[in-house]
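Novice: Just dropping this structure here.
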Amino acid sequence: MAGDVMTLAESSAGGDAARESALQAAHRKFWRDLAGATATWGRGILVCGVGAAVMQGVLSAFPALLCWGVPVTVPVSALLIALVGLRCAPQWGVVFAAFAGLLADAAGPALLGETAWAYLPVAACFTLLHRRLRRDHAVTLMLYAAAQTLVQTTGTYLGLRWAGLTSTAGHVAGATIVLSVVLTTGAAGALALGLRGTAALHRHFRREA
């Protein structure tokens, strides 16, 4: 009887130790996963912020958008946001668009946040729909870039108008928006063809090697 009691006590102690060891392992795994996720998101946010800052720095050399002349900045920025949204992990398109919008506001005549929201809707929609899209297809890139330009230019104009920072007439803004969308669509189509041609050349050279 005493031996049975000792055996039961030892098995109970062994079970407790096993459970404690498993709990400690689960805690360690949790903290490792949390540290890894934090590092991944930190790197991604840093890269998106730096990329958006570089983009806005380059585009600041083309201030045509501020006076609603021939738009240069919006087609380029919309196309870059589309490329990031389609080529990278889905969440980075939204982060990149958010940084681009905030930096555009900070560098332009608008109040901070007055027009930055116009960068986000299309990127967020494509992020939600990315599993249903052929992200490498030329038409997808053209639609993404065109929609981004449409929302970005319209939202920027409305934001500036509501803030009293522009007196541009509606018909002039409308013509500029249409021209921006046409330029973006053409640029996206050309870029898609270039990417397809480059990929075909890479496959050809790999087969030759």
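Novice: Going residue by residue through segment 57-69, is there one that turns out to be assigned to a helix (DSSP H, G or I), surrounded by 14 or more Cβ atoms within 10 Å (Cβ to Cβ), touching a Phe, Trp or Tyr at 6+ places or on another chain (Cβ under 9 Å) and modelled with pLDDT of 80 or more?
Specialist: No: zero hits.
Novice: Go through segment 158-190 and report how many residues are touching a residue at least 60 places away in the same chain (Cβ under 8 Å) and under 24 Å from Val94 (Cα atoms). Working first, answer last.
Specialist: Step one: list which residues in segment 158-190 are touching a residue at least 60 places away in the same chain (Cβ under 8 Å), which gives 166, 168, 172-173, 176, 179-180, 183-184, 187-188.
Of the ones still in play, those that are also under 24 Å from Val94 (Cα atoms) are 180, 183-184, 187-188.
Residues in segment 158-190 being touching a residue at least 60 places away in the same chain (Cβ under 8 Å) and under 24 Å from Val94 (Cα atoms): 5 in total.
The values are calculated or read from the model by the stated rules, or taken from the named source; none is laboratory data. Quick caveat, the model's predicted, so the values are computed rather than measured. Reconstructed Cβ throughout: ideal geometry from the backbone, glycine too, with neighbour counts over all protein chains shown.
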